[in-house]
Amino acid sequence: MEKKRVKLTIDGKEIEVDDGISVFQAAVVAGIYVPHYCYHPDLSVAGVCRMCLVEIDKVPRLQISCNTPVKEGMVVATASQKARDAQKGSLELHLINHPLDCPICDKAGECKLQDIYRDFGLYKSRMEYENKVHKPKVQDIGTIMLDAERCILCARCTRFTDEVTKTNELVFVNRGDRTTLKTFDDGPLQNEYTGNLADICPVGALTAKDFRFQQRVWFLDKTDSVCTQCARGCNTQVSYNPKTKKLYRVEPRRNVEVNKSWICDKGRWDYHYVYAENRIKFPLEGATKSESTWHHVFGELNARSMENPKSILVLLSTQLTNEELADAKETLPFMGITQMGWLVDESKVGDVEPYDGILKHRDPTANAAGFQKIFEGAKNPVLDLEATSNLLAGNEVTEVWLLGLEGNEFEWVTEKLPGLLKKRLVVHATNQAPWMESATLLLPNVSSFEKSGTVVNALGRLQKVQQAIPTAYLGRDLHRFLTGLREGGDRAKIDASRFADIFAKKVAPVFLKEAQTWRSLSVMGVSR
Amino acid sequence: MKNLKANPYRLPVSQRIYLFAILQGMLITARHFFRNLLNPRSMPNIGYPEKRRNYSSRFRGLQILTLKPDGDIRCTACMLCATACPADCIHITAAESPNPEVEKFPSEFNIDMLRCVFCGMCEEACPVDAIRMGANYELANFDRNDFIYNKEDLLRAGQGAVSRVTRG
Amino acid sequence: MSVLAQERKILLKHIAEPDLGTLKGYERLGGYQALKKALTMAPTAVIEEVKVSGIRGRGGAGFPTGMKWSFVPQNTGKPIYLLCNADESEPGCFKDKLLLEKNPFALLEGIAIAAHAVGSKKSYIYIRGEYAKAARILEKAIAEAYQAGYLGQKVMGSAFSVDLVLHRGAGAYICGEETGLISSLEGKKGQPKLKPPFPAVSGYLGCPTVVNNVETLSTLPWILQNSGAAYAKYGTEKSTGTRLFCLSGWVNKPGVYELELGTPLVDLIEKEGGGMKDGAKLKAVIPGGSSTPPLTAAEVAEARLDFESIGKFGSFLGAGGVIVIPEHVSLVGILETIAEFYWDESCGQCTPCREGTGWLYKIMKMIADGQGKKSDIADLNKTANLMMGTTICALSDAAAMPVLGFLKKFPQEFEAALGTPH
């Protein structure tokens, strides 16, 4: 059904928008910034901050733009003298009881109070009284620290727990300027999306413990990427410090089609495996796990595959990007290795809807859907878990290469593939697990933060993972690993090989109707 | 290089024998010797390190860290000094303070004095008068690592100076 | 000698009758004839009759009642709720208390008539928590009315049914605001809701809802019995009918008086109230409860008690709480008390009201404590102006209006108070 369109003028700009949206949303369409604290595109309208007051022709009183529906022929002024004065007034009232602890507040630098004050506040404080309203500061409410004094009562967080997670932990108690944000019954937060509270809080009232005091936000740069912690593929923004070259924070990036403005706590805070103690830093060889070199590894693996390629089974993780998989699909048969299986807990694959009704999928890997598509109609069909298990029970296969393992969630492998540990193992993983003890070669993989490529989420959406931090230690993604095998460890050729070429030549034609280059692919992803 | 030959200029004999110049020089030395002997106060040199010159209070030497009236470190680890520093020599690690009254404090505060250009921007950026440019100019060490002054060093350099900002 | 002749009174005609509060007594005095008549009429005809009467809501906002009813959408498939606002909390107002305690059946009859008119099957009376006595009386009256068939299934043998529930509030001024009342009744924190959507479309539990004041509803039986046109003959052209005025302050006979709209304010004070106590000189009058700006003595002499005349002097009739202030009482103290009241009662939802009421109170307290500064008057004015018309409900305006009004009309008194304790 065609939606009715209405024409209106905002700040002299004439625009046409869908009927039924608010003046605020129309201003967003027109590219006009209206100051606001309580409005959030993915939450209901609260209309309490009174910052988005605008002047509408023929309406005597100023109206909050977030709750005023557009009308045909409406003339709106968002920055007229009258509107600005009211906005300035609201800002001043927000600040009179707000503590002046910007130096220790983690929100400083991305605080909306600071931003708007710098934009058009800039008044001299009239609040001379010492008797500000004081409320409890530093309170531990689980994964988040709550500072009720900094809270401006915009109700974003309470609406989030009411509407998104439906867990209702956060409440306002008392009234008037004594209104205080609290958790229900002083208990801890009990949902798996708590990190979002720190994001949506426009001030420093809710700060994530994980990021607290780690970095000042102005030291950080951001890279648009995609979360690879489950099959949902939530769009993210990865913050890293270009000086320390370290990753400090993963935040959701708004994509209405995938994750709205949210991300689960696992996706947000599980990045710590990148810096974990058990990270595999160098190629390790033999029972003693002595340090080796990639050059030696390439020689060794090439020799093994030449000797008896039929005895080798390669298991590819569904955490690998399409580019890595497309490369493996060609390179391995070229080396004579035709037995390939996928490494994923099949019982969890295939859900289109998240199991908790919000975002979380049972499949903890990012690219099972892409894997299936890449290997569709391959000459040597990939083995499913059962076939792999049967193969491992026999004696034909003596050596198994497990490639592209990322993170710590591969404990199920030994359980579902009981014959695995009896074989000669080559493991290419980011983090070491006890069951890898018997591997003859342990090769360092890179995490999703250290490589670029595309993945396909459970909704069938092709999305871009982009490298945020330089590769730690001697890790190599599968593409560079395979290039090394092909080229016999020729360093120059490994460096010259580019995943972007594989995307354009081998991945884009599989997934997309029209030709795309890596650069032309939108960070918002493409739905099939 | 062909023009570079022996100096064609020759000194006159009176100067070539140096006798007169030596006597002249000895005379000056002797004059100063006796003047200083008889009137030591007029001496321009000072007996460093026993004696030290008084610098202006605006002199910018080794940074010091100040204290709160209760003796705690004043710095709140806001990192504005590190942000303002053009030489990128201040490295702070913030942490949750063990004192329940205080939210944040610097668990580490290092200044690399080999990088410091003594510009005083850190002092200017500090919102709580926690860091000041001190008077110490004796920055000599045997090891490069010793030029990284840590929190304790800087507090010691402050000799218990108390910040002028008492609130917050 | 009352200004409005006893037999012409609408609400307080029988108020002195000892048995008015019983069902028998109410029936004896002509009760429930109006409902009987209304039930024979079509709902639209009842609404038309009320429109003709021109009665405007007696809760304070003064919105025409008939118009309010006609906004209710029928055939939405959702139940329609009629709520009676008995959360009379405005300082200076106590008229509903009188009606609830002395004449509960008029209210119940009015509710039945209104429910019939708007098509509501379920009604609630939201009564102020502190009105314990009135609540007891109402509870008894509701039980009696149920028993006599004036409420419940098949009212008076007709096809019309209505259930009535008495709900006691927990004591918040803001629950007297219609959307705040709805939130509270829903079991949520008593906070006003955003408009649009208006309660007539989406109110209690998201259903069409009408909220009417006790006095408005209590007037309905008379209108139905005597026709809307008869009611419109009372009062002025734009402010029809009679109203209850709560006279308090420095007068000899404070109390609730029924007057025609348009009666001179002086008549209320002099004739009904028996003049100023101890012959004191009048300084100011707050005409409509604590939230309305005051009138000066000169304005009082001219003012008439109708929406338009009071409006000319920059004030409002509000809920009819007339507070008389004599010459010897300090306005600084009064304004401080008013500011404290609104600071205490702000729900804390919208920023201008939450922070503004607190700020106004802090400044007023400083001035009253003799620590006022010159800049304080300007700060009061600026802050109050920031609060005008910038919030969801009118509490912010209610807190700001008296401040602006007092400062505008009695500036010398506030300037004199700077630096001297009160």
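Derivation of every value follows stated rules applied to the coordinates shown; laboratory data play no part. Everything numeric in this text was worked out from a predicted model, so none of it was measured. No Cβ is skipped: glycine too gets one built from the backbone with ideal geometry, and neighbour counts run over all protein chains shown.
The table below lists the values:
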{"quantity": "Considering only chain A, percent of DSSP beta bridges that pair antiparallel, nearest 5", "calculated": "70 percent"}
{"quantity": "The stretch A:1-152: Rg to Rh, with Rh as the Kirkwood radius over Cα pairs", "calculated": "1.04"}
{"quantity": "Global geometry of chain A, whether rounded, prolate or oblate, following the gyration tensor of its Cα atoms and the 1.5 cut on a/c", "calculated": "prolate"}
{"quantity": "Segments C:166-178, B:88-100 sorted - mean Cβ within 10 Å per residue, highest first", "calculated": "C:166-178, B:88-100"}
{"quantity": "Shape call, the protein assembly as shown: gyration tensor on alpha carbons, a/c limit 1.5", "calculated": "oblate"}
{"quantity": "In sequence order, calculated HN-Hα J values of the stretch C:251-264 (Karplus, 6.51, -1.76, 1.60; Hz; x Gly/Pro)", "calculated": "10, 6, 10, x, x, 9, 10, 9, 9, 5, 5, x, 5, x"}
{"quantity": "Links that overshoot a 18 Å alpha carbon limit, given the list A:K132/C:K362; A:K58/C:K193; A:K289/A:K329", "calculated": "A:K58/C:K193; A:K289/A:K329"}
{"quantity": "Karplus (6.51, -1.76, 1.60) ³J(HN,Hα), θ = phi - 60°, over the stretch B:60-70, in Hz, Gly and Pro reported as x", "calculated": "10, x, 4, 4, 10, 10, 9, 10, 7, x, 7"}
{"quantity": "Linear extension gain, B:E50 paired with B:V165, 0.36 nm per residue minus alpha-carbon span", "calculated": "37.8 nm"}
{"quantity": "Exercise: per-residue mean of other protein chain Cβ atoms within 10 Å, A:100-110", "calculated": "4"}
{"quantity": "Two-decimal log10 I(q)/I(0) for the stretch A:63-200, as the Debye equation yields it once each C-alpha is a single scatterer, q = 0.12, 0.13, 0.14 Å⁻¹", "calculated": "-0.61, -0.70, -0.80"}
{"quantity": "The stretch A:405-525 - share of DSSP beta bridges that are antiparallel (%, nearest 5)", "calculated": "45 percent"}
{"quantity": "Shielding by other protein chains, C:353-364, mean Cβ within 10 Å", "calculated": "6"}
{"quantity": "Quotient of Cα Rg and 2.2 N^0.38 Å for the stretch A:316-400, N being how many residues it contains", "calculated": "1.20"}
{"quantity": "Counting DSSP beta bridges with both ends in chain C, the antiparallel % (nearest 5)", "calculated": "45 percent"}
{"quantity": "Degrees between helix C:331-345 axis and first principal axis of chain C (Cα, 0 to 90, nearest 10)", "calculated": "50 degrees"}
{"quantity": "Spin-label zone in the stretch A:421-461 - amide nitrogen under 12 Å from a point set 7 Å from the Cα of A:K281 along the C-beta vector", "calculated": "none"}
{"quantity": "Cα-based helix-to-principal-axis angle, C:132-147 vs chain C, degrees rounded to 10", "calculated": "10 degrees"}
{"quantity": "Packing rank of C:110-119, A:507-516, where each peptide gets the mean count of other beta carbons within 10 Å, highest leading", "calculated": "C:110-119, A:507-516"}
{"quantity": "For the stretch A:408-528: Kirkwood Rh in Å [reciprocal of mean 1/r, alpha carbons]", "calculated": "16.6 Å"}
{"quantity": "Over chain A, relative contact order from alpha-carbon pairs under 8 Å, at least 6 apart, %", "calculated": "11 percent"}
{"quantity": "Label-to-label distance, nm, for residues given as C:K312 and A:S522 (7 Å Cα→Cβ offset)", "calculated": "6.4 nm"}
{"quantity": "Gain on full stretching of the segment that runs from A:S347 to A:E257 - 0.36 nm per residue minus C-alpha separation", "calculated": "29.8 nm"}
{"quantity": "Packing-based exposure ordering (other Cβ within 10 Å, fewest first) of A:C154, B:C85", "calculated": "B:C85, A:C154"}
{"quantity": "In degrees, nearest ten, helix B:19-38 long axis to first principal axis of chain B (Cα)", "calculated": "50 degrees"}
{"quantity": "Over the stretch C:106-169, equivalent-ellipsoid semi-axes from the Cα gyration tensor in Å", "calculated": "21, 13, 8"}
{"quantity": "Number of partner chain Cβ atoms within 10 Å, mean per residue of B:96-103", "calculated": "3"}
{"quantity": "Cβ crowding within 10 Å averaged over residues, with B:25-36, A:492-503 ranked highest first", "calculated": "A:492-503, B:25-36"}
{"quantity": "Kirkwood Rh and Cα Rg combined as Rg/Rh, the stretch A:385-435", "calculated": "0.95"}
{"quantity": "Derived scalar couplings ³J(HN,Hα) [the stretch C:5-14; Karplus, 6.51 cos²θ - 1.76 cosθ + 1.60; whole Hz; x for Gly, Pro]", "calculated": "4, 3, 6, 8, 5, 9, 8, 10, 4, 9"}
{"quantity": "Gyration tensor (alpha-carbon) shape descriptor, the stretch A:94-154, a/c threshold 1.5", "calculated": "oblate"}
{"quantity": "The stretch A:205-341, Rg to Rh (Cα coordinates; Rh as Kirkwood inverse mean 1/r)", "calculated": "1.08"}
{"quantity": "Relative contact order (%) - criterion: Cα under 8 Å, at least six apart; region: chain B", "calculated": "26 percent"}
{"quantity": "Relative frequency of Cα-Cα separations exceeding 29 Å in chain B, percent", "calculated": "47 percent"}
{"quantity": "Unsatisfied cross-links (Cα-Cα over 26 Å) in the set C:K95/C:K121; A:K266/A:K348; A:K3/A:K222; A:K373/A:K464; C:K78/C:K238", "calculated": "C:K95/C:K121; A:K3/A:K222; C:K78/C:K238"}
